[in-house]
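J.: Shown below is the structure under consideration.
What follows is calculated from the coordinates using simple rules that are stated; it is not laboratory data. Since we're looking at a predicted model, the values are computed, not measured. Backbone-built Cβ (ideal geometry, glycine too); neighbour counts: all protein chains shown.
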């Protein structure tokens, strides 16, 4: 009686190959999950230290980059509940007068807090942003387009800016 006959060798190789495939499947799935779940170390401490009275962004692109960084801090899953209002207040400092009138802090803070907490509960974390394009300022207006990436996907946003009191301010945005 032969234990390692041609049929047994084939069965053994098939079984071994099946084990390797299953192990690779779980390894790759775990690696992909780790890539989608960013390190929750918040970006907020760095942004909280920015004094907009002394360090206001100089260019339209700088304004949008700071806005996006604050947005990442709000939605990266690492900000404390008590810091949401501080982050939103800092974000509003980048708004133009008309946008501020349409979105007063006291009327928007609850919906912003609810949205941040809902995304945190759904594990929808902001991951990154990239500035895609910008228009040259003309008559005190320009636009900057950014690509925002989260664990839920990617979206392009177009920010329109206006020069008010010598500073670039966001006066509107839209998803593209």
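J.: Residue 15 to residue 105: extension gain in nm, 0.36 nm per residue of separation minus the Cα-Cα distance? Can you show the working numbers first?
T.: Working: separation 90, 0.36 × 90 = 32.40 nm, distance 6.31 nm.
Length gained between residue 15 and residue 105: 26.1 nm.
J.: At residue 55 and residue 130, where each label point lies 7 Å from the Cα along Cα→Cβ, what is the point-to-point distance in nanometres?
T.: 2.6 nm
J.: With a 10 Å radius around each residue's Cβ, average the other Cβ atoms per peptide and rank 50-62, 90-102, highest first. Please list the in-between numbers first.
T.: On the way: 50-62: 13.2, 90-102: 16.5.
Peptide ranking by packing, descending: 90-102, 50-62.
J.: Quick check on the stretch 44-175: of the DSSP beta bridges with both residues there, what percent are antiparallel, nearest 5%? Walk me through the numbers before you get to the answer.
T.: On the way: 26 of 27 bridges.
Taking every DSSP beta bridge with both residues in the stretch 44-175, the antiparallel ones total about 95 percent.
J.: Take every Cα-Cα distance within the stretch 44-176, group them into 5 Å bins from 0 onward, and report for each bin the whole-number percent of pairs it holds.
T.: Each 5 Å bin holds this share of Cα pairs: 2, 10, 20, 23, 23, 15, 5, 1, 0.
J.: How many nm is it between the label spots at residue 22 and residue 149, if each spot is 7 Å from the Cα in line with the beta carbon?
T.: My value for the distance between the label points is 3.4 nm.
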